[in-house]
1. Suppose we flag GluC sites (Glu not before Pro) only when DSSP calls them loop and at most 12 other Cβ atoms lie within 10 Å. Which is the longest uninterrupted stretch of the chain?
2. Calculate the dipole size of the range 220-428 relative to its Cα centre from +1 charges on Lys and Arg beta carbons and -1 charges on Asp and Glu beta carbons; express the result in debye to the nearest 20.
3. At each listed q (0.15, 0.17 Å⁻¹), what is the log10 of I(q)/I(0) that the Debye formula gives for the range 259-368 modelled as equal alpha-carbon point scatterers?
4. If you take the beta carbon distance between M1 and D367 as r and set R0 to 30 Å, what does 1/(1 + (r/R0)^6) give as a FRET efficiency, to the nearest 0.05?
5. Restricting the count to DSSP beta bridges whose residues both fall in the chain, what percent are antiparallel, rounded to a multiple of 5?
6. Work out, step by step, the length gained on full extension between R35 and A424: first 0.36 nm times the residue separation, then minus their alpha carbon distance; give nm to one decimal.
7. Measure off 7 Å from each Cα along the Cα-to-Cβ vector at A116 and A179, then give the distance between these two points in nanometres to one decimal.
8. Amide H neighbours of G260 under 5 Å, counting only residues 5+ apart in sequence or on other chains, H built in-plane at 1.01 Å?
Amino acid sequence: MSRLVIVANRVPDPRERGASAGGLAVALKDALTRREAVWFGWSGGTAAETATTPRELRQGRTTYATLDLGEADYRHYYQGFSNAALWPVLHYRLGVARFAREDWIGYRRVNAAFAAALAPLLRPDDVIWVHDFHLFLLAAELRALGCRQRIGFFLHVPFPPRQVFLGLPNAQAILAGLAAVDTIGVQTEDDAENLRGALIAAGEAAVAPRVGAFPIGIDTAGFAALAARRYRTKEVDQLRASLAGRALAIGVDRLDYTKGLPQRIAGFGKLLERFPRHRAKITFLQVAPVSRGDVAQYRALRRELDESVGRINGQYAEPDWGPIRYITRAVARPTLAGYMRLAKIGLVTPLRDGMNLVAKEYVAAQDPEAPGVLVLSRFAGAAGELQGAVLVNPLDPDDIAEALDVALTMPAEERLARWTTMEAAVRATTATSWCKQFLAALEGEEAAAEAGRAGGRRAAGRRKAA
Ligand code: GDG
């Protein structure tokens with residue numbers, strides 16, 4: 001089997017295991033244990049200049065190869081073009097995006113620098129899988145250096161309608177860069193349609209047939225087992241005791257303006273205002289670890305949330321009950337799994353999301369005897385698969401309040417019926433199946449040809465022996 005080369009903006013630290021492992025590392029775990037692999041990308045650290053030679057660390061069958069980013073590259077490539085321009089535009093928020101020509105130049109420079117540092121590590125039969133919007137141009141840069149390996153690209157976030165994407169300065173150049181990719185994966189059919197439309201509009205119609213939907217999943221069985229195990233631990237017992245018999249609703253999101261947090265808090269406030277019978281009967285726990293805390297928009301979001309949580313708590317709290325608990329630190333993954341199992345409601349209301357793994361984790365974490373209710377944004381990729389959720393428009397706090405009321409009063413049989421369909425869906429599409437499907441599409445022809453060649457060699461061997 002040929003070697004797999006994963007390229008992503010961030011490379012996980014292989015020394016940090018277990019509790020802190022998350023995201024892509026969990027999703028790729030299976031693929032990385034099956035074959036020889038390299039994981040290449042940014043170390044997370046900065047230096048005066050972007051490094052030209054990666055630091056390598058080998059663990060098991062994977063070599064982790066990382067580069068520090070130069071200070072200016074960090075500002076222009078990462079904070080600038082990736083986070084301040086591409087991230088909002090890909091989430092349909094053209095108006096929030098901030099463009100600067102220097103950021104685009106920095107983005108191109110880092111994509112080229114990554115390609116130049118990666119190329120010498122490559123073997124002719126490697127298969128390269130590039131992840132996410134930070135590295136739209138990497139494949140084209142590798143091709144310019146003469147790389148002929150198969151290259152796949154997967155976009156974890158949504159792809160907006162072409163009219164929105166083409167509003168991004170340099171959109172044309174990004175789409176042209178995708179012509180260097182053999183298989184282009186996105187989360188949903190809608191994203192695939194949007195990307196094909198943008199490619200056609202940009203004069204890259206020949207690339208459109210290479211785009212396909214590959215919805216990502218989680219390690220469903222593993223997360224379910226973790227939640228069941230962690231349900232009876234000190235941390236979860238403490239939370240349970242503090243609720244004093246009240247229902248728990250939980251939200252878990254990086255603190256990001258695409259996750260719909262202000263609207264969600266407002267929705268919870270509306271529930272207490274419009275449905276007074278739930279007052280002092282439900283507690284909402286929002287876990288929102290700060291990410292990208294050095295970007296102005298994220299600081300503003302934090303201030304807004306501090307204020308609205310404070311206002312609602314001030315208005316409705318009783319001496320022995322506070323409506324909202326809001327934590328801006330990360331919670332360890334096993335504890336989070338236990339909290340999700342304890343929660344009667346999973347409140348997942350992003351304004352836009354490529355998939356949203358929290359929705360799937362909440363479903364996997366439930367007690368099959370008494371599952372909770374998922375309240376889910378229609379604009380999360382996961383909504384396509386999780387039709388058993390109570391779907392809401394995340395921009396409408398009244399809709400969220402009504403959905404919470406429906407969830408709190410839902411009969412047990414309906415809860416079970418809805419959860420059963422969702423659990424089947426999260427078991428059908430897992431992290432492992434996502435990986436396999438994408439790699440099969442990427443390596444399809446190659447693998448089939450190799451099998452054919454091997455078959456031919458075996459037949460020739462038999463003829464010789466005969
Ligand atoms: C991007 C796309 C797509 C969150 N808080 C804590 C914590 N988390 C974990 C969750 C979940 C992960 O982080 C977040 O994944 P999401 O999918 O919800 O969202 P993004 O980070 O925006 O991911 C998204 C995803 O890529 C995969 O393709 O689904 O649409 O935007 O696993 O549980 N984990 C721990 N503590 C926390 O406080 N341990």
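Taken together, the values in this text are just the output of simple stated rules run on the coordinates, not laboratory data. In this text, all values refer to a predicted model and were calculated from it rather than measured experimentally. Because the Cβ atoms are built from the backbone with ideal geometry, glycine has one as well, and the counts that use them run over all protein chains shown.
1. 17-368
2. I would put it at about 520 debye.
3. -0.73, -0.94
4. Efficiency computed from Cβ-Cβ geometry: 0.15.
5. Of those bridges, close to 10 percent are antiparallel.
6. 137.2 nm is the gain from fully extending R35 to A424.
7. Inter-label distance under the simple model: 2.4 nm.
8. L351
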